[in-house]
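Below is one structure, written out as structure tokens, with a few remarks after it.
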Amino acid sequence: MRPAPARGQAPPGRRVAACRPSAYTRRAVGTTSTRQGRAWVEVDLGAVVTNAERLLGHLPAGARLLPMVKADAYGLGMAPVAAALARALGERLWGFGVAAVAEAAALRAEGWTGRILLCAPVAPSELEDAAALGVRVAVSDLAAVRRWARWGRRWGRTLPFHVEIDTGMGRAGFPWRAASRWSARVAAAVAEGGADWEGAFTHFHSADAPDLAATDEQWRRFRWAVTRLPEGMGRLRHVANSAAAWRRGGYGLPLARPGIFLYGGEAGPGTPNVPVVSVRARVVRVALAAPGATVGYGAEHRAATSERWATIALGYGDGYRRASWPAGAHVLLHGRPARVLGRVSMDMIVVDATGVPQVRPGDIATLLGRDGDATISLADLARWWDTIDYEVLTGWTRRLPRIYRGADE
């Protein structure tokens, strides 16, 4: 067995990021570009900050945010998004939430030295890496608490953790009904040293639904459970995702964990925010199609009359779903809709540009976002693709460079 490191040091061969209250120590780089090539994603960082500010306005005075930047900030680029939020929010930012140890490592590599909460259960094999990164972990069982505390004792440190309480989501957490029993055991494990039971939280399953009765019931269960916790344990309580932060004021708690709302997605009825993302691509060919001409794999579209077809350099290899046909999806050309014709290919789509006679190769098509007075929203794409805003955002592949604007550099 390797010898235990000195207090505050990682084991041999490991580096532990220093945890300071400040934000980035250097400029985040991420996957960025200023070049508009064949296709790209535009991210308005100023809009992300505006949405965070709006959400804070619905929370109690002095409340802080724990923005979810998991899944590469919902596909928008974790490093640039986190840097923009850190600069803008200052002390109103408690830290960042991720779902994987690799995501925490990426944040540290980009210079973030503040708090990180791993909001999903961590595999036992990754706990050492999580501790080395100086992050907080979410625990769902007593064995995880004990393993975490053992790493703290071995390193001569006190490692903070948050207990998840399952109030109905079912995928992680200690059962709320048994809080008296398990909380005493968790406290006993903490008493052995090496770990600090810093927080307690739950996750709502229907806070974006029209009827909030189920969410209010989850809140009652959580509130009952935390009254059973030993004094001084799980001091920081948080429950609110984007929807509950806006629609229930975070239930009065001092911390909220927004995600989709920050990135322009819908967080339930009555949750207006500022659009953040646009997706655009170049027209690379315009051609006249005679009656009877077919397009795409399977030749599923056949021109009934003479049509003008525009080929756009983007396909399912970029995240534009095959479900667009025959769902009635369209793109915007010069501010006018042009419907998708035939199956989406990996690298291209074809649209009906008959009603847009001025379109030429090199013009820009909008697949998500605004063009003139017309808009294609996340909700539009989600409807055409029979999915949700979250999956639309996270589905744009890394082949599309992200172009950032709207925030101080």
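Bear in mind that the values in this text are calculations on the coordinates, not laboratory data. The shown structure was predicted, so the numbers you read here are calculated from the model rather than taken from an experiment. FYI the Cβ positions are ideal-geometry reconstructions off the backbone, even for glycines, and counts take in every protein chain you see.
Of the trypsin sites (Lys or Arg not before Pro) found in segment 162-230, those that fall in a DSSP loop while having at most 16 other beta-carbon atoms within 10 Å are 171, 228.
Taking K and R as +1 and D and E as -1, what net charge do the other residues with C-beta under 14 Å from the C-beta of residue 56 add up to?
My count for the surroundings of residue 56 gives +2.
Would you mind classifying segment 284-409 by shape? Square roots of the alpha carbon gyration tensor eigenvalues, ordered a ≥ b ≥ c; an a/c under 1.5 is rounded, otherwise it is prolate if a/b is larger than b/c and oblate if not. It comes out prolate by the Cα gyration axes.
With a Förster radius of 25 Å applied to the beta-carbon distance between residue 211 and residue 177, the computed FRET efficiency rounds to 0.60.
A full extension of the chain between residue 235 and residue 391 corresponds to an added length of 52.8 nm, given 0.36 nm per residue minus the alpha carbon distance.
Please report the relative contact order for the chain, taking Cα pairs under 8 Å with a sequence separation of at least 6, and give it as a percent rounded to a whole number. Display every interim value, and only then the final one.
On the way: 931 pairs, mean separation 74.8, N = 409.
Here the relative contact order equals 18 percent.
Cβ crowding within 10 Å ranks 388, 349, 260 as 388, 260, 349, fewest other Cβ atoms first.
All other residues whose Cβ lies under 11 angstrom from that of residue 269 are scored, Lys and Arg at +1 and Asp and Glu at -1, for a net of -2. Look at the alpha carbon pairs under 8 Å that are at least 6 residues apart: their mean separation over the length of segment 36-154 gives a relative contact order of 19 percent.
Dipole magnitude for the chain: about 1200 debye, using +1 per Lys or Arg Cβ and -1 per Asp or Glu Cβ, origin at the Cα centre. Couplings 3J(HN,Hα) of segment 218-229, computed from phi: 4, 4, 4, 5, 4, 4, 5, 4, 6, 5, 8, 6 Hz, in residue order, whole Hz [Karplus 6.51 cos²θ - 1.76 cosθ + 1.60, θ = phi - 60°; x for Gly and Pro].
Remark: the Cα gyration tensor places the chain in the prolate category, a/c being 1.5 or greater and a/b exceeding b/c. The charge dipole of segment 46-262, taken about its Cα centre with unit charges on the Cβ atoms of Lys, Arg (+1), Asp and Glu (-1) only, comes to about 520 debye.
Segment 94-133 and segment 338-402 have Cα centres separated by 34 Å.
Mean-square fluctuation check for the chain, GNM, Cα pairs under 10 Å: which of 250, 170, 46 is largest? Comparing 250, 170, 46 in a Gaussian network model of the chain, the most mobile one is 170. The overall shape of segment 46-262 is oblate: from the C-alpha gyration tensor, with semi-axes ordered a ≥ b ≥ c, the ratio a/c is 1.5 or greater and a/b is no larger than b/c. Computed from backbone phi with θ = phi - 60° and the Karplus coefficients 6.51, -1.76 and 1.60, the 3J(HN,Hα) list for segment 174-181 is 6, x, 5, 5, 9, 4, 4, 6 Hz; x is used for glycine and proline. Counted by neighbouring Cβ atoms within 10 Å, the residues 274, 135, 101 run from fewest to most as 274, 101, 135.
Each Lys or Arg adds one and each Asp or Glu subtracts one; over the other residues with Cβ under 15 Å from the Cβ of residue 333, this totals +3. Among 172, 184, 82, the largest mean-square fluctuation in a Gaussian network model of the chain (Cα springs under 10 Å) belongs to 184.
In nm, what is the difference between 0.36 nm times the number of residues separating residue 299 and residue 327 and their Cα-Cα distance? Provide the component values of the computation, followed by the final result.
On the way: separation 28, 0.36 × 28 = 10.08 nm, distance 1.63 nm.
Answer, rounded to one decimal: 8.5 nm.
In terms of other Cβ atoms within 10 Å, 125, 140, 183 run from fewest to most in the order 125, 140, 183.
When only the Cβ of Lys, Arg, Asp and Glu is charged (+1, +1, -1, -1), the dipole of segment 277-376 relative to its Cα centre reaches about 40 debye.
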